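The values are calculated or read from the model by the stated rules, or taken from the named source; none is laboratory data. Predicted model only: the values in this text are computed from it and were never measured. Methodologically, a virtual Cβ is constructed for each residue, glycine included, from the backbone with ideal geometry; neighbour enumeration extends over all protein chains shown. Note: areas computed on protein heavy atoms with side chains; ligands, DNA, RNA excluded. Shrake-Rupley method; radii C 1.70, N 1.55, O 1.52, S 1.80 Å.
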Amino acid sequence: MAQTTRETSALQPEIVQALQTPGTWTWAYVDASGNREDPRRIAALQRRTVSDALAGQGCSERAAQIIEEELVEQPGVPAPVARYVLVRDDELVLSEVLPGHLHGQESIGTGAVPDLLPLLAHRPFDLPFLVVTVGREGGGFRSYRLGHAPTGAAEDEQRVQGRTDTLHKAKSGAGWKQPHWHQHAEEIWKQTAGEVEAAIEETVRATAPRLIVLAGDIRARELLRGELSTSTRALVTEVAVDPRADDASEKALVQHVDLALARVLASRRHDVQDLLRTHEGRGDNESVSGIGAVVSALQQAQAAVVTLDAGALGDRTLYALDAAPWVATAPEQAAGASVLGQVPAVCALVRAVVLTDAELVLVNAASLPSGAPASALLRWPVGPAVPA
């Protein structure tokens, strides 16, 4: 059996369940950043553009109204930020704030199969992470998930306040009193670091984060790292700023978090590409390349990880089906399911990936050994070719 690893999907189970029922889907994926001149006017113009585009595609008035109403709501998240709204048969299925820049172009449409690619581009897999800020007077941290706006839930943010009775008293003179005070302060700082560490370790056990970003006072960071367990310390990346100092420091922290997350995603993409190279080099039938071969693997729920280059797919279309095997290259491959329609290949493939519980990894086809716009790592090997 093929040895492949896959990440846990970040899509909510109710979305996966909704996709199994045929209907008319309507969606809008747009930039919702408010850091523009006259943001209210621009937002109003954007909603009109969305409504006009949907009307031009034959969307129902009610579906367009639902999407426009959702886009009126302010994201409540600093720019850059995107919005993704999904409606099926005039009922709201999903309305999400997606932190970060648009991944590709805006997408507005209606049809038998929704464009889920933007959602999975922001949330390629479930990636919880912590952002920790510490000082000599205490510390705190907040839990996040990649591609999700902060929830504001009390359990997502914790603070530990240390003793401050001696931390800010100016001391002068020489002799034993001065080093004695420093030693006393150091003990307080270390005790505070231990309390922050205990709270972090409890959260690590509960949420299994993939990354911990540590910022704040240099000595406080050093003390906290010393208290963390070896496994938790391995998740830590430090940034030499205190975001409480000024706006520039806070911006530096945000940039560091973005870079750290990008490294995690790049590492995952690199691992998948390496596995594809390894299996192709061995010729062990544990991977396939090309749209037809990937469709065949998806039809059998054999694909564990699917790589796609959306741009390289171009205008290619596939047949979307109302039941398993979900996707086909030709109507005769429907295996008893009804054909919903001929749709863009990227939409059909992403939908099949979600419905067969595979993982999607977005790549540049030129970086793959086959150069194909679609490849897959398999849950079990392809059988030997049957002699003619």
Among the candidates Gln333, Gln342, Gln300, single out the residue that is within 22 Å of Leu11 (Cβ to Cβ) and without any contact (Cβ under 8 Å) to a residue 60 or more places away in the chain. Gln300
Can you pull out the residues in the stretch 223-261 that are open to solvent by 50 Å² or more (accessible area, probe 1.4 Å) and either of a type in the set (Val, Ile, Thr) or within 23 Å of Glu359 (Cα to Cα) (or both)? Thr230, Val254, Asp258, Leu259
In the set Asp315, Asp357, which member is in a loop (DSSP other than H, G, I, E, B), of a type outside the set (Ser, Thr, Tyr), out of contact with any helix residue (DSSP H, G or I) (no Cβ under 6 Å at 6 or more places or on another chain) and within 22 Å of Gly111 (Cα to Cα)? Asp315
Mind checking whether some residue in the stretch 366-377 is in a strand (DSSP E or B), in contact with an Asp or Glu (Cβ under 8 Å, 6 or more places away or on another chain) and at pLDDT 95 or above? yes
Anything in the stretch 123-136 that is open to solvent by 10 Å² or more (accessible area, probe 1.4 Å) and not in a strand (DSSP E or B)? List them, or say none. Pro124, Asp126, Arg136
So is Val272 β-branched (Val, Ile, Thr), surrounded by 13 or more Cβ atoms within 10 Å (Cβ to Cβ) and under 30 Å from Leu378 (Cβ atoms) or not? yes
Considering the stretch 11-35, residues that are under 18 Å from Leu116 (Cβ atoms) and among the hydroxyl-bearing types (Ser, Thr, Tyr), and then whichever is surrounded by the fewest Cβ atoms within 10 Å (Cβ to Cβ), we arrive at Thr21
Picked from the stretch 311-333 (must be among the hydrophobic types (A, V, I, L, M, F, W, C) and over 10 Å from Leu349 (Cα atoms)), the residue surrounded by the most Cβ atoms within 10 Å (Cβ to Cβ) is Leu321
Output the residues belonging to the stretch 50-68 that are more than 16 Å from Val93 (Cα to Cα), in contact with a helix residue (DSSP H, G or I) (Cβ under 7 Å, 6 or more places away or on another chain) and open to solvent by 30 Å² or more (accessible area, probe 1.4 Å). Ala55
Among what's in the stretch 69-94 and is surrounded by fewer than 18 Cβ atoms within 10 Å (Cβ to Cβ) and closer than 13 Å to Ser51 by Cβ, pick the residue that is modelled with the lowest pLDDT. Val72
Only one of (1) basic (Lys, Arg); (2) open to solvent by less than 80 Å² (accessible area, probe 1.4 Å); (3) free of Cβ contacts under 8 Å to residues at least 12 places away in the same chain does not apply to Arg47, and that is (3)
Quick count over the stretch 325-354, residues being part of a loop (DSSP other than H, G, I, E, B) and over 27 Å from the mean Cα position of the chain (by Cα), is 7
Taking Gly139 and the conditions (1) surrounded by fewer than 19 Cβ atoms within 10 Å (Cβ to Cβ); (2) over 25 Å from the mean Cα position of the chain (by Cα), which numbered condition does it fall short on, given that it satisfies the others? (1)
Within the stretch 297-310, identify whether any single residue is surrounded by fewer than 14 Cβ atoms within 10 Å (Cβ to Cβ) and out of contact with any Phe, Trp or Tyr (no Cβ under 9 Å at 6 or more places or on another chain), and answer yes or no. no
Looking at (1) surrounded by fewer than 18 Cβ atoms within 10 Å (Cβ to Cβ); (2) farther than 21 Å from Asp322 by Cβ; (3) touching a helix residue (DSSP H, G or I) at 6+ places or on another chain (Cβ under 9 Å), which one does Asp38 not meet, given that it meets all the others? (3)
Residue check, Leu261 against (1) modelled with pLDDT under 95; (2) under 30 Å from Glu137 (Cβ atoms), all met but one. Which one? (1)
Tell me, which residue of the stretch 194-211 that is farther than 17 Å from Gly226 by Cα and in contact (Cβ under 8 Å) with a residue 24 or more places away in the chain is surrounded by the most Cβ atoms within 10 Å (Cβ to Cβ)? Thr203
Members of the stretch 285-297 that are in contact (Cβ under 8 Å) with a residue 12 or more places away in the chain and over 24 Å from the mean Cα position of the chain (by Cα): Asn285, Glu286, Ser287, Val288, Ser289, Gly290, Ile291, Gly292, Ala293, Val295, Ala297
Is the stretch 212-228 home to any residue that is in a loop (DSSP other than H, G, I, E, B), of a type outside the set (D, E, K, R) and at pLDDT 95 or above? yes
Select, from Leu275, Leu253, the only residue that is closer than 30 Å to Ser143 by Cα and either in contact (Cβ under 8 Å) with a residue 24 or more places away in the chain or touching a Ser or Thr at 6+ places or on another chain (Cβ under 6 Å) (or both). Leu253
